[in-house]
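Coordinate-derived values only; no laboratory data. Small disclaimer: the values here were computed from a predicted structure and weren't measured. So basically every Cβ, Gly included, is an ideal-geometry build from the backbone, and we count neighbours across all protein chains shown.
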Amino acid sequence: MLSLLKFELREAFDSVPWTVYYWIFFAFQYFVYGQLVSRLVVAVSDYYVYYGTGLIIIMTFNIGSWAGRRFVESAHEGRLKYILSLPVTRGQLFLEQLLLGLAVNVVRVGPPLVILSILGGLPSSVLLVSLAVLLLMSVGVMGIMISLSFVAFKSFDIYSAIVASMSALLLRFSTILYPLAFMPTSYAAVSLANPLTYGADLFRSVLGVDANQLLSPELSAFVVIAVGISTLTVGTMLVPRVLEGVKSS
Amino acid sequence: MSSSSENSVQTFNLTKSYGEAKALDSLTLGVRRGEILVILGPNGSGKTTFLHLISTVLRPTSGTATVMGYDIVKQPLKVRESIGISFQDPRGFWRHKPYHILSFHASMYGLRGEERSKAVEDTLKDFELWQSRNKRFMELSGGQAKRLEVAKLFVHRPDVAVFDEPTAMVDLEGKRMIWDMIRQLREKGSTVIVATNEVREAEYLADRICIMKDGKELVMESLMTLKDSITGGDVVDLEMSAPVSEEILRAVRDVPGTVRALQGGERSLRTFVNRSEDWLPLMMTAMQGLGVRVSSIRVSEPSLDDVFLHYTGKEVVQSHA
């Protein structure tokens with residue numbers, strides 16, 4: 001399994017400009033757009049930090065989504081059937097895909113997180129715990145996206161449409177860019193049903209963002225762990241059946 | 001059929017369905033240790049599905065199979081350790097280089113260090129890919145990509161090597177090279193299964209040929225036995241002085257000993273007959289009766305193409321290698 005992981009990591013990081021682009025995109029959004037928008041949003045205390053952490057959560061979500069989509073694309077490109085023929089169990093393959101996504105997450109999100117923690121004067125222990133929370137969130141997102149792969153084997157277009165719609169809704173109906181307390185009641189009710197809300201609030205709790213703007217860290221931790229375990233379980237059970245049952249491309 | 005203990009691969013009512021459609025329908029066959037079995041069939045006959053099932057890429061809907069004694073449903077990991085498959089379409093590793101692709105493949109089968117480096121280098125040279133070892137996969141030609149796909153199985157030499165159309169997209173010289181390499185693989189102890197719809201490939205490689213259609217095995221024998229099995233063991237090609245009319249066709253079919261008569265071109269007929277030496281005088285008399293002169297007669301054994309046509313009713317791709 002480690003050989004497979006190494007092989008796929010080589011490809012994932014083959015494009016250095018793409019990784020650097022992630023960092024530049026974060027820096028631009030944080031240092032330019034973040035400065036501007038934080039002057040407009042005065043109701044939320046220290047919105048600049050709130051916004052910066054939100055950007056990191058969006059990056060984490062996007063990478064988790066990428067990892068899931070990549071898994072599906074590999075089936076359509078004909079790579080997956082080759083991997084399925086190699087001497088690894090389906091469970092190991094699923095785990096390898098998760099580790100790949102986590103590794104990409106660490107490399108792409110790590111530097112922006114370090115910048116935030118340096119600017120915020122946070123100790124390295126906080127940095128590590130916050131990274132762990134991000135990775136846990138990433139597992140949940142990847143699990144959902146990979147588990148949805150059964151749709152893709154019927155129609156890749158429908159899968160893409162579902163993932164795009166779901167991503168838009170999950171990102172917007174959440175506390176990623178605005179706290180729950182400032183949302184209209186109906187909007188807040190929907191956001192409370194969104195696991196990303198709990199992930200975002202847990203991440204900010206660890207980084208020391210104003211607790212009055214966040215859900216309780218205990219509840220958030222419970223939801224994030226529960227979602228991570230659920231999607232892992234569903235994925236482990238569902239994916240092998242789906243992969244071996246579909247007509248290969 | 002030989003007993004399953006002599007077989008590297010043995011299937012038992014192996015079936016794969018997609019909804020109502022059966023891609024493979026209760027297939028029971030055995031592949032003997034150390035033989036090259038060529039599976040010949042038109043597109044959609046179930047060849048690829050069969051290969052994917054025994055390689056555990058797909059899971060059967062019902063029935064099962066063993067590979068080197070391991071059950072594909074109950075012991076898939078053991079099966080994967082024993083079998084290697086070269087796929088029909090070499091795709092998916094766009095950014096990787098041939099050296100890394102083979103090195104990775106070797107590592108998955110436990111080759112390490114010097115042993116792996118040597119196996120990869122030798123294989124790249126054998127398949128004339130050494131000069132392209134540092135090109136990206138997406139920069140390879142179609143033929144090079146296909147050779148690389150086939151070459152994977154030569155790095156670790158599995159007990160059972162499975163090739164799905166190994167010479168599709170490969171030039172004539174490359175085809176011959178791959179065929180020779182596949183035969184070498186057999187000589188080194190691997191059992192080889194090749195799925196193809198190229199007659200030449202089947203004739204060149206096969207110890208036995210399995211003809212499939214609609215997910216079922218129609219027949220599985222050696223080439224000689226297959227040729228002998230056709231009723232009307234002689235093929236007689238006739239060239240007429242006049243266009244072949246219905247009347248001529250009917251007269252030829254009515255000649256005692258005619259099994260089948262097909263119109264080839266405007267003036268040509270292909271007939272399958274019993275004992276051509278007895279049949280030819282009778283046919284000549286019948287043509288004289290119609291006032292038709294036979295300008296050319298060629299008698300031959302049935303080709304694999306004829307065998308295939310006989311069993312499936314479809315013509316196969318004729319390679320000119």
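Values computed for the structure shown
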| read-out | value |
| --- | --- |
| Cut-off under 5 Å, modelled amide H: who pairs with residue B:242 long-range | B:293 |
| Using θ = phi - 60° and Karplus 6.51 cos²θ - 1.76 cosθ + 1.60, couplings along the range B:111-126 (whole Hz; Gly, Pro as x) | 7, 10, x, 4, 4, 5, 4, 5, 4, 5, 4, 4, 5, 4, 5, 4 |
| Interchain or long-range residues, amide H under 5 Å from residue B:260's placed H | B:272 |
| Distance in nm between pseudo-label sites at residue A:164 and residue B:214 (7 Å out along the Cβ direction from Cα) | 4.3 |
| J(HN,Hα) series, the range B:55-71, from Karplus relation 6.51 cos²θ - 1.76 cosθ + 1.60, nearest Hz, glycine and proline x | 8, 6, 5, 10, 9, x, 6, 8, x, 7, 8, 10, 10, 6, x, 9, 7 |
| Sequence-distant aspartates and glutamates (8 or more away, or on other chains) whose Cα lies within less than 19 Å of residue B:22 | A:244, B:214, B:217 |
| Value of Rg/Rh across the range B:4-227 [Cα atoms, Kirkwood radius] | 0.96 |
| Paired Rg and Dmax values of the range A:100-193, which use every Cα atom, in angstrom | 16.4, 50 |
| Dimensionless Rg ratio for the protein assembly as shown, taking C-alpha atoms and the 2.2 N^0.38 Å reference | 1.29 |
| Inter-chain shielding of A:72-79 (mean C-beta neighbours from other protein chains, 10 Å cut-off) | 3 |
| Among B:89, B:234, B:254, residue whose mean-square fluctuation peaks in a GNM of chain B (springs only between Cα atoms under 10 Å) | B:254 |
| Selection from A:209, B:281, B:9, by position along the positive dipole direction of the protein assembly as shown (Cβ) | A:209 |
| GNM result for chain B, Cα springs below 10 Å: residue of B:101, B:248, B:209 fluctuating most strongly | B:248 |
| Whole-Hz ³J(HN,Hα) from phi, Karplus 6.51 cos²θ - 1.76 cosθ + 1.60, for the range A:156-161, glycine and proline x | 5, 5, 5, 4, 4, 5 |
| Selected from A:146, B:226, B:93, residue furthest toward positive end of dipole (the protein assembly as shown; charges at beta carbon) | A:146 |
| Packing-based exposure ordering (other Cβ within 10 Å, fewest first) of A:142, B:284, B:181, A:59 | B:284, B:181, A:59, A:142 |
| Beta bridges per DSSP with both ends in the protein assembly as shown, % antiparallel, nearest 5 | 65 |
| Residue B:294 paired with residue A:233, simple spin-label distance in nm, labels 7 Å along Cα-to-beta-carbon | 7.9 |
| Packing-based order for A:164-172, A:220-228, using average beta carbon neighbours within 10 Å, highest first | A:220-228, A:164-172 |
| Per-pair calculated FRET efficiency, R0 = 60 Å: residue B:221 and residue B:285 via Cβ, rounded to 0.05 | 0.95 |
| Cα-centred dipole magnitude for the range A:2-245, charges only on beta-carbon of K, R (+1) and D, E (-1), debye, nearest 20 | 280 |
| Over 22 Å [Cα-Cα, the range B:34-120], rounded percent | 43 |
| Of B:146/B:213; B:125/B:175; A:6/B:97; B:125/B:146, those spanning more than 21 Å from alpha-carbon to alpha-carbon | B:146/B:213 |
| Distance (nanometres) between label positions extended 7 Å along Cα→Cβ at residue A:41 and residue B:260 | 7.6 |
| For residue B:213, residues with placed amide H under 5 Å, excluding near neighbours | B:218 |
| Listed residues B:119, B:191, B:67: farthest to the positive end of the dipole of the protein assembly as shown (Cβ charges) | B:119 |
| Averaged over A:7-14, number of beta-carbon atoms from partner chains that fall within 10 Å | 3 |
| For chain A, built as a Gaussian network whose Cα springs stay under 10 Å, the top-fluctuating residue of A:111, A:195, A:184 | A:184 |
| Taking only Cα atoms of the range A:66-111, radius of gyration then Dmax in Å | 11.8, 37 |
| Computed magnitude of the charge dipole of the range B:120-226 (debye, nearest 20; Cβ of K, R +1, Cβ of D, E -1) | 240 |
| Residue mean of other protein chain beta carbons inside 10 Å, B:13-23 | 1 |
